[in-house]
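For reference, the structure is listed below as structure tokens.
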Amino acid sequence: MRVLTFTTLYPNGAMPNHGMFVRKRMEAVARRPGVEVVVVAPVPSAPRLPGWSRAKVFSSVPKAEEIGGLSVHHPRFLSLPGEWARLKPRWIARGAWACVQALHRAQPFDIVDAHFARPDGAAAAEIARRIGLPLVLSVRGSDIHRDLERPRTRPLVLATLRAAASVISVAQPLTDKMIAAGIAADKIATIPNGIDLARWSHVDRDAARAEHGVADQRRIVLSVAAMKPVKGHDTLIEAFATLGTDGDISDTELWLAGAGPLHDELRRRVAQLGLTKRVRFLGAVPHDKLPSLYAAADIFALPSRNEGCPNVVLEALASGCPVAATAVGHVPHMVRNRENGLVVPADDPRAFALALRALLKTSPSRTVVRATVADCTWDDVAARVAGVFQGALDLKPNTETSISQCG
């Protein structure tokens, strides 16, 4: 089976952390006997416009590279901000077509594997239609939680879901929403993300705390997330502020790893609350540096308002770090109250503060926490994904839905 993985969310030379969960899944799939995976990961290109510097980030990305043993190709597509963004699926398909066509002619693909219904999935649906191959679409969170709910983007998402031979959902709530929207249940396979247990569990905790300068008695609450509204940093900061009034845990620090548009606003709020000395902004942390952070931390915090199957939770648990999180997406299936963490409602700083306080005072052992994700390996995930691919090969591809209808 020769698989074309089509996604704009994939690591590259300029952004090595980009779409790591897609990379890990597909590398595991490629380890399956008889499976070859080639990745086409288009990157944006745009004219120099005032206030639009994103394309500059991608200008250094090579046209092709090898990442993790897989051949990865980076065709360019036109990308413009604002109202023009609605044309992004069409532009992605057009920009990538020559690259896909050349690869397919040289050695034909059997199936197209795409990630996120919009915009990548819509572009992949058009490409799969044009070369006559079945599409397997993985939905991962915002494409269903947000785009399926918005009147403007709902028709595009539904058209893409209908064009797919099979759909992989990383969380049961996403599956439920698609079924409620009219997508046949037998077309959807719910397969959460996986984890590389050895990578996250091998770091010595004492050495990690020494590396990061953590005093013996100091406790660390760690959050790893892009600084965007959906990630709920505001809830976490408000919750953390109340810990200063609790004597035996008042020495706790909050470490925020990540970057994004809310960075300056969050810094201002931290200063307003008088937390500057207790909150550390770590910036964007390279993926290979995260294991030592999880090992050094006492609690991992995920205050998100929406999620699919967040890999950061799996990473924390595999590191033995208990998790305080909101009950969104697949999180309640991963975090089992008192066994490896606590789950509370989203947008509730008081409830989140209570969860942090409880875990800081009485935490489960790191050995017990690690054991709760022992059966969540990427190889287990890959076996199930390969099964979906094989099933899709027996189905006739949908050649009726064109991107021109849904752009």
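The values are calculated or read from the model by the stated rules, or taken from the named source; none is laboratory data. Treat the numbers as computed from the prediction; the structure is a model and nothing was measured. Here the Cβ positions follow ideal geometry from the backbone for every residue, glycine too, while neighbour counts run over all protein chains shown.
For segment 62-81, filtered to residues that are of a type in the set (Gly, Ala, Ser) and more than 16 Å from VAL22 (Cα to Cα), the residue that is modelled with the highest pLDDT is ALA64. If the condition is being among the small types (Gly, Ala, Ser) and closer than 18 Å to GLU253 by Cβ, then segment 214-237 contributes ALA215, SER223, ALA225. Here are some conditions: (1) under 22 Å from LEU70 (Cα atoms); (2) touching a residue at least 40 places away in the same chain (Cβ under 8 Å). ARG105 meets all but one. Which one does it not meet? Failed condition: (2).
Restricting attention to segment 200-226, the residues being over 21 Å from ALA351 (Cα atoms) and assigned to a loop (DSSP other than H, G, I, E, B) number 11. Cβ-Cβ distances below 8 Å connect the following pairs, each with a first residue in segment 153-179 that is in a helix (DSSP H, G or I), a second residue that is crowded, with 24+ Cβ neighbours inside 10 Å and acidic (Asp, Glu), and a separation of six or more residues or different chains: VAL157/ASP143. Report yes if some residue within segment 49-61 is at positive phi, modelled with pLDDT under 95 and over 20 Å from the mean Cα position of the chain (by Cα); otherwise report no. Within segment 49-61, one or more residues are at positive phi, modelled with pLDDT under 95 and over 20 Å from the mean Cα position of the chain (by Cα).
Report yes if some residue within segment 230-240 is of a type in the set (A, V, I, L, M), modelled with pLDDT of 95 or more and touching a Phe, Trp or Tyr at 6+ places or on another chain (Cβ under 8 Å); otherwise report no. The answer is yes, given that some residue of segment 230-240 is of a type in the set (A, V, I, L, M), modelled with pLDDT of 95 or more and touching a Phe, Trp or Tyr at 6+ places or on another chain (Cβ under 8 Å).
Going through PRO364, PRO349, PRO397, PRO322 one at a time, which residue ends up being at pLDDT below 95 and closer than 25 Å to LEU236 by Cα? The unique qualifying residue is PRO364. Scanning segment 159-172 turns up at least one residue that is touching a Cys at 6+ places or on another chain (Cβ under 6 Å) and under 25 Å from GLY132 (Cα atoms). Within segment 171-207, if we keep just the residues that are closer than 17 Å to LEU314 by Cβ and small (Gly, Ala, Ser), the residue that is surrounded by the most Cβ atoms within 10 Å (Cβ to Cβ) turns out to be ALA171. Would you call GLU238 surrounded by fewer than 22 Cβ atoms within 10 Å (Cβ to Cβ), free of Cβ contacts under 8 Å to residues at least 12 places away in the same chain and more than 26 Å from SER365 (Cα to Cα)? It is false that GLU238 is surrounded by fewer than 22 Cβ atoms within 10 Å (Cβ to Cβ), free of Cβ contacts under 8 Å to residues at least 12 places away in the same chain and more than 26 Å from SER365 (Cα to Cα).
Annotation: ALA208 fulfils all but one of (1) free of Cβ contacts under 8 Å to residues at least 24 places away in the same chain; (2) assigned by TED's automatic domain parsing to the domain that holds THR367; the unmet one is (1). Within segment 337-382, being touching a helix residue (DSSP H, G or I) at 6+ places or on another chain (Cβ under 9 Å), within 17 Å of PRO310 (Cα to Cα) and either loosely packed, with under 13 Cβ neighbours inside 10 Å or among the hydroxyl-bearing types (Ser, Thr, Tyr) (or both) holds for PRO345, THR372, ALA374, THR377. When residues in segment 227-245 are screened for being outside any helix (DSSP H, G or I) and either farther than 15 Å from PHE352 by Cα or assigned by TED's automatic domain parsing to the domain that holds ARG140 (or both), 2 of them pass.
Results for (1) under 14 Å from the mean Cα position of the chain (by Cα); (2) modelled with pLDDT of 95 or more, shown as yes or no for each residue.
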site: GLY121; (1), (2): no, yes
site: GLU126; (1), (2): no, yes
site: ARG130; (1), (2): no, yes
site: LEU158; (1), (2): no, yes
site: GLN172; (1), (2): no, no
site: ALA180; (1), (2): no, yes
site: ILE188; (1), (2): no, yes
site: PRO192; (1), (2): yes, no
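Filter segment 254-313 for residues that are surrounded by fewer than 23 Cβ atoms within 10 Å (Cβ to Cβ), closer than 22 Å to ASN337 by Cβ and touching a Gly at 6+ places or on another chain (Cβ under 7 Å); which is modelled with the lowest pLDDT? That would be ASN306.
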